[in-house]
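The values are calculated or read from the model by the stated rules, or taken from the named source; none is laboratory data. Computed from a predicted structure; not experimentally measured. Cβ placement follows ideal geometry from the backbone for every residue including glycine, while neighbour counts extend to all protein chains displayed.
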Amino acid sequence: MSDIPVFFLHGLAYAGLLFLVSAGLTLVFGMMNVLNFAHAAMYMVGAYLSYTIIMQLTGQFWMALILCPMILFVIGALIERFLLRRVHKFGHLQELLLTFGLAYIITELVKLFWGNYPLAVNITGFLSETIPIFGITYPVYRIFIFVCAIFVGIVMALVLYKTRLGIILRASVNDSEMTNTLGVNVPLVFMGVFAFGAGLSGFAGVIAGPLLSTFPGMAHEILIDAFVVIVVGGFGSLGGAVVAALLIGQLQSFGVLLIPKLSVALIFLLMAVVLIVKPSGLFGEEQ
């Protein structure tokens, strides 16, 4: 029983990281209807760039948290403008092949520049300390991850549903031709959405660096969980991503504690049950 608070908090920390990764994926798929298999590779690039900034150049975690999302934002904009835009009109198969190939190219470039061995990112200051909570001593950094996820989720919800920019985004998705006729540059809007999703993946990569080991296989590990999140939560549903990330985070954490041999299979069991009961996901809209 004494382990329950620890594993509950572990589940919240992983749920926060999972939401940060899957929110960008959900946004891109929901807004642009684009299957982006390179999303996790961008997350990995964010982690490696943060290693370079923190461990080799400046030693400043906060600088990495600002610079890496900006770099990934630019990379995402270039990918959408010169690659995805050319194949988007041909359908999901071409998008899948393109982004799948990009993921492999990015992975090989990472191995070329940073090597094929794990790299550890160390943090200093108050984030490296521990605090008493629920009668236990717990790392501040894991709580910081969950707080970041809450902040990002609130900001995204406010922008999408309470601002003029959000109205333009949703209008561009629902009827791009009419929105373009009204004077909105829809291709520019879509490029901004994709770039923001890439920047968010870079943000998640920086967050993941001190928590997990930074290595070339980290993209594949998070990609499966992220796609389970958007399938369970519902394609394009931000609220669904929140709920699904919390469910999967706790399943992963308590699965290791209670059923270690089946812990990996639990999230796929959850996905199967949700798809049987509600094929569109928990909060997805039926097409």
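For residue 96, are the conditions met, namely being touching a helix residue (DSSP H, G or I) at 6+ places or on another chain (Cβ under 9 Å) and in contact (Cβ under 8 Å) with a residue 60 or more places away in the chain?
Judged against the criteria, residue 96 is not a match.
This table checks each residue for (1) surrounded by 20 or more Cβ atoms within 10 Å (Cβ to Cβ); (2) touching a strand residue (DSSP E or B) at 6+ places or on another chain (Cβ under 9 Å); (3) among the hydrophobic types (A, V, I, L, M, F, W, C).
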residue: 200; (1), (2), (3): yes, no, yes
residue: 205; (1), (2), (3): yes, yes, no
residue: 213; (1), (2), (3): no, yes, no
residue: 234; (1), (2), (3): yes, no, no
residue: 239; (1), (2), (3): no, no, no
### Query
Tell me, which helices (runs of 4 or more DSSP H) lie completely within region 140-184 with 3 or more residues that are at pLDDT 95 or above and on the phi < 0 side of the Ramachandran plot?
140-162
### Selection within region 69-107 - farther than 12 Å from residue 198 by Cβ and small (Gly, Ala, Ser)
91, 101, 103
### Task
Being charged (D, E, K, R) and more than 23 Å from the chain's Cα centre (by Cα) is the filter here, so list the residues in region 142-195 that pass it.
164, 175, 177
### Task
Please work out which one of (1) among the aliphatic types (A, V, I, L, M); (2) closer than 25 Å to residue 248 by Cα; (3) assigned to a helix (DSSP H, G or I) is the condition residue 102 fails and give its number.
(2)
#### Entry: Contacts under 6 angstrom Cβ, first residue in region 210-225 being under 16 Å from residue 115 (Cβ atoms), partner small (Gly, Ala, Ser) and buried (at least 21 other Cβ atoms within 10 Å of the Cβ), 6 or more apart
214/47; 219/40; 219/41
### Summary
The residue from 90, 82 that alone is at pLDDT below 90, surrounded by fewer than 22 Cβ atoms within 10 Å (Cβ to Cβ), more than 14 Å from the chain's Cα centre (by Cα) and among the aromatic types (Phe, Trp, Tyr) is 90
### Query
What residue, among those in region 1-45 that are surrounded by 24 or more Cβ atoms within 10 Å (Cβ to Cβ) and among the polar types (S, T, N, Q), is nearest to the chain's Cα centre (by Cα)?
22
### Task
Answer yes or no as to whether residue 112 is surrounded by 14 or more Cβ atoms within 10 Å (Cβ to Cβ), out of contact with any His (no Cβ under 7 Å at 6 or more places or on another chain) and either assigned to a helix (DSSP H, G or I) or at pLDDT 95 or above (or both).
no
### Task
State all residues of region 135-169 that are more than 25 Å from residue 125 (Cβ to Cβ), of a type outside the set (Ser, Thr, Tyr) and without any contact (Cβ under 8 Å) to a residue 24 or more places away in the chain; if no residue qualifies, say none.
158, 159, 162, 164, 165, 166, 167, 168
### Message
If the requirement is being among the small types (Gly, Ala, Ser) and within 29 Å of residue 81 (Cβ to Cβ), which of these qualifies: 135, 209, 125, 115?
### Response
209
### Query
If you scan region 136-159, which residues turn out to be of a type outside the set (Val, Ile, Thr) and buried (at least 17 other Cβ atoms within 10 Å of the Cβ)?
138, 139, 141, 142, 144, 146, 148, 149, 153, 156
